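Presented below is the structure to which this report refers.
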Amino acid sequence: MKTIITKSFIQGLSKEIKYTGAGTGSVYLEFKNKKIRISNHEPNEAMKRMRGKSDLEIYITDLVGNPLNDKFDILEIVSKFFKLEITGTLKASLTKHLNKKAKEQEQINKYKKDHKQFLNDFQTKQQELHGLIKKVVGNKINNVKVIIKNAVDYGNLGSNSSKRNQRRRSFFKQEFKKQFGIEVELSDVKDALLLD
């Protein structure tokens, strides 16, 4: 199984780090009597007795397989735990990686902001539309109920579900516009007037 972190990568911190890879993809590191286990699964108890308990367990995924730590996250954790400084090409690679992550996070934040603005705009337009519907209907809710009933009856004449929905929708829009002067969807009218 492929390991997430190679011997040459981790020994870029120090050649004194003892690196052992297991067939399961787990990696065991030892430095100055401190032990780290890097894996995507819980330790095998038999192997734990053989190798000894790790001082630190680093997981690359959570229980359902979502990523937790990439190789640069692991590098930072290992360097802090072993009290080693990241230097040279490793530091340059880490900096490049962190800049890329920061840019990705910036894009995610922009998307979230844009999405939030879209939802706010949509809700504002919905409120305005519902206000308009309430205003034009006034106290003629029974007229709306009749239009809905007639639209359902007319829609039921369709030969399949798609045609029934299409007939119901077009009938409702046409009749509502005739009586109230605006073209709206049945769902908007039901939401605005709290009808079932």
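The values are calculated or read from the model by the stated rules, or taken from the named source; none is laboratory data. The model shown is predicted, which means the values in this text are computed figures rather than measured ones. Glycine gets a Cβ as well: all are built from the backbone with ideal geometry, and neighbour counts include every protein chain shown. Protein only, heavy atoms only, side chains kept; ligands, DNA and RNA dropped before computing areas. Shrake-Rupley method; radii C 1.70, N 1.55, O 1.52, S 1.80 Å.
Observations on the structure shown:
- From its DSSP helices (H runs of at least four residues, each -39,500 (n - 2.57)), the chain gives a residue-normalised ellipticity at 222 nm of -19500 deg cm²/dmol.
- Here the label points at residue 153 and residue 6, each 7 Å from Cα along the C-beta direction, are separated by 7.7 nm in the simple model.
- Whole-Hz Karplus values for the stretch 62-67 come out as 8, 4, 9, x, 6, x Hz, taken residue by residue from phi with 6.51 cos²θ - 1.76 cosθ + 1.60 and θ = phi - 60°; glycine and proline positions read x.
- Most to least packed among 18-28, 79-89 [average Cβ atoms within 10 Å]: 18-28, 79-89
- The chain: angle of helix 71-81 to the longest principal axis, Cα-based, in degrees nearest 10: 50
- Stretchable slack from residue 191 to residue 81, in nm (0.36 nm times residue separation minus alpha-carbon distance): 33.8 nm
- Backbone phi angles across the stretch 152-162, fed through the Karplus curve with coefficients 6.51, -1.76 and 1.60 (θ = phi - 60°), yield HN-Hα couplings of 5, 4, 5, x, 5, 7, x, 7, 8, 4, 4 Hz in residue order; Gly and Pro are listed as x.
- The label point for residue 161 and the one for residue 53, both projected 7 Å from the Cα toward the Cβ, are 5.8 nm apart.
- The length gained by stretching the chain between residue 179 and residue 126 to full extension, at 0.36 nm per residue less their Cα-Cα distance, is 17.0 nm.
- Shown in residue order for the stretch 186-193 are the 3J(HN,Hα) couplings computed by the Karplus curve 6.51 cos²θ - 1.76 cosθ + 1.60 at θ = phi - 60°: 4, 4, 5, 5, 4, 5, 5, 9 Hz (x for Gly and Pro).
- For the stretch 17-134, the fraction of 1.4 Å probe accessible surface lying on carbon and sulfur atoms is 55 percent.
- Among 11, 166, 127, the residue with the largest mean-square fluctuation in a Gaussian network model of the chain, with springs joining Cα atoms closer than 10 Å, is 166.
- Shape call, the chain: gyration tensor on alpha carbons, a/c limit 1.5: prolate
- Just checking the listed ones, 103, 112, 135: in the Gaussian network model of the chain with Cα springs under 10 Å, the one fluctuating most is 135.
- Build a GNM of the chain with springs between Cα atoms under 10 Å apart, and of 30, 183, 76 the one that fluctuates most is 183.
- Two-site FRET efficiency, residue 18 against residue 100, from Cβ-Cβ distance with R₀ of 30 Å, rounded to 0.05: 0.45
- The alpha carbon centroids of the stretch 1-38 and the stretch 178-196 are separated by 66 Å.
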